[in-house]
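Below: the structure, in C-alpha cells.
Read the figures in this text as sums done on the coordinates, not as results from a lab. Treat the numbers as computed from the prediction; the structure is a model and nothing was measured. Cβ coordinates were reconstructed from backbone atoms using ideal geometry, including for glycine residues, and neighbour counts include every protein chain displayed.
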Amino acid sequence: MTYEETRSILTVLKINYPQSFKGWTAEQGEAFLNLWSEAFKDDPVQMVAMAVKAIIYSDTREFAPNIGQVKDRMVKLSNSTTLDADQAWAMVYKALSNSIYNSEKEFDKLPSEVRAGVGSPNQLREWAKMDTSTLESVIASNFKKGYRGRVKEKQEFEKLPQSVKTMIQGLTDSMRIGSGER
C-alpha cells in the first residue's frame, strides 16, 4: 500500500472515529500517517480497506482500531478457509479407518496443515491400532490443542512485515543447514 493509499484509509478512519483524532496537531497526524504507512507498506490496499471496512461495519467501539487490530482482521479475512481444530480432527479420524494397511495413502490425502499435526504415515497407523476411547479423548485432545497452536502461530507470522518474515525465514534456513537438515 502506498503512502497516499494509507492517507485515504486513515481519512476513512478519521471520518468514522472523530473522537480518536480530536485535538491532534499536524505533527501527530504526520507521525501517525508515517507509522501506518510503514506498517502496511507490504499489504495490498484492497485487503487493508476490506479489513478496515469490516471493523467499521461490525464493531461498535468508539475509537479507531490500531494497527494490530487491522492486521488481525486481515489475517482472519484471508484465512477464512482455514480448517478449525474439530474439522482437522474429523479428517484425521476418517483417515484412520483405512490406515492400518494404507497409512501412507491416507496421510498423503490430508491437507499439509493437518499432516503437520499427525507427523507421519506411521503415526496414523499407530493411532489406527489404538482403542477408540483413548483415541477419541487423549489423542483427539492433544491433536486439537497442537493444531490450534500451529494455526495461531501461522496467523501471527502472517501479520509481520515482509522484511521481518524474510529475515526469520533466512535464520530458519541457516539453522537447518547448520544442523545438517536440508
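Can you tell me the FRET efficiency between Asn16 and Arg150 if r is taken as the Cβ-Cβ distance and R0 is 30 Å, rounded to the nearest 0.05? It comes to 0.30. With the simple spin-label model, which puts each label point 7 Å out from Cα in the Cβ direction, the Asp42 to Leu83 separation comes to 2.8 nm.
Extension gain, Ile168 to Glu30, is 46.7 nm, computed as 0.36 nm per intervening residue step minus the present C-alpha separation.
Compute the Cα gyration tensor for the range 103-182, then decide on rounded, prolate or oblate, letting a ≥ b ≥ c be the square roots of its eigenvalues: rounded whenever a/c is under 1.5, prolate when a/b is larger than b/c in the other cases, and oblate in all that remain. The partial results should precede the final answer.
Details: a/c = 2.85, a/b = 1.81, b/c = 1.57.
Cα axes put the range 103-182 in the prolate bin.
Counting only Cβ charges, +1 for Lys and Arg and -1 for Asp and Glu, the dipole size of the chain around its Cα centre is about 260 debye. In degrees from 0 to 90, rounded to the nearest 10, what is the angle of the helix 67-78 Cα long axis to the longest principal axis of the chain? That works out to roughly 50 degrees. For the chain, find the longest principal axis of its Cα atoms and tell me its angle to the long axis of helix 99-109, 0 to 90°, nearest 10. Taking Cα atoms only, the helix is inclined about 20 degrees.
Here's the picture: charge each Lys and Arg Cβ at +1 and each Asp and Glu Cβ at -1 in the range 93-163, and of Ser141, Gln155, Tyr101 the one pushed furthest to the positive end of that dipole is Gln155. Computed from Cα positions, the angle between helix 140-158 and the longest principal axis of the chain comes to roughly 30 degrees. A cut-off of 5 Å between modelled amide H atoms, ignoring neighbours fewer than 5 places along the same chain, links Leu83 with no other residue.
Amide H contacts for Ala64 (H built 1.01 Å from N in the peptide plane; partners 5 or more residues away or on another chain; cut-off under 5 Å): Ser20. Per-residue Karplus couplings for the range 168-173, computed as 6.51 cos²θ - 1.76 cosθ + 1.60 with θ equal to phi - 60°, are listed in order as 4, 4, x, 5, 4, 4 Hz, Gly and Pro entered as x.
Only sites in a loop by DSSP and with at most 11 other Cβ atoms within 10 Å count here; which GluC sites (Glu not before Pro) in the range 1-72 make the cut? The qualifying sites are Glu62. Here's the picture: charge each Lys and Arg Cβ at +1 and each Asp and Glu Cβ at -1 in the range 3-78, and of Ile55, Asn66, Trp24 the one pushed furthest to the positive end of that dipole is Ile55.
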